[in-house]
Amino acid sequence: TTTRSGAAYTATWTSNWIQIDQERKRRAVVHAIRFLTSLDDDNQFQATVTLKGVTHTFLGDTAFLLVAPGGSTTALLYHVGGSSSVSGIDLELDDAGGALPGAVVAGTYAPAQSGAVTDFQTGSVPGPDAPAAPYGAALFAHNGAGPNGSWKLYVQDDFVGDFGAVASGWELHL
């Protein structure tokens, strides 16, 4: 669903939850949002992403990669959040957000990565169709990238024994 409020657009994916578990490690766990806006491809915009209803028993095991229609990327969250578990929280990712705390609670945070972000095509990755590294560390990487088309969210759990979901889908705001 794409909605417009003033000059901003919001696209929401809400059909089913996104399961996060290690058994899906080598498969693409991709959920796409199709954006059709009146924004020009060279338009400068402030992108934010909201992950709704995030639950995971060890958030630091997870990785989330956003890919724009033109191929620009942002590693939204990559092995951050430590050993904390989360249950049903909404995480808004915004370049202007605060630093992600060790014990994560619902809120607005800047994209965050811990250590080198490995290639999402090999090793601890969410699937063979993800673009190759390097990946952007901020949502600003999508400015001028062209908002129209399919935006993809890749989700990964890198270790056995933990599980979770993005139970209420995700939103992209431009």
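From the set of residues in the range 144-174 that are acidic (Asp, Glu) and open to solvent by less than 10 Å² (accessible area, probe 1.4 Å), which is modelled with the lowest pLDDT?
Ranking the qualifying residues of the range 144-174, first place goes to 158.
Report whether or not residue 94 is farther than 22 Å from residue 159 by Cβ, open to solvent by 20 Å² or more (accessible area, probe 1.4 Å) and either modelled with pLDDT of 90 or more or of a type in the set (Val, Ile, Thr) (or both).
So residue 94 fits the description; yes.
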Study note, to complete from the structure: residue 83 passes all but one of the listed conditions (1) surrounded by fewer than 17 Cβ atoms within 10 Å (Cβ to Cβ); (2) of a type outside the set (A, V, I, L, M, F, W, C); (3) at pLDDT below 85; the exception is number (3)
**Study point:** From 75, 112, residue being crowded, with 23+ Cβ neighbours inside 10 Å, under 11 Å from residue 138 (Cα atoms) and not aromatic (Phe, Trp, Tyr)
**Key:** 75
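The values are calculated or read from the model by the stated rules, or taken from the named source; none is laboratory data. Note that the coordinates shown come from a computational prediction; the quantities given were computed from them, not determined experimentally. Positions of Cβ are generated from backbone atoms using ideal geometry, with glycine treated the same way; all protein chains shown enter the neighbour counts. Only protein heavy atoms, including side chains, enter the accessible area calculation; ligands, DNA and RNA are left aside. Shrake-Rupley method; radii C 1.70, N 1.55, O 1.52, S 1.80 Å.
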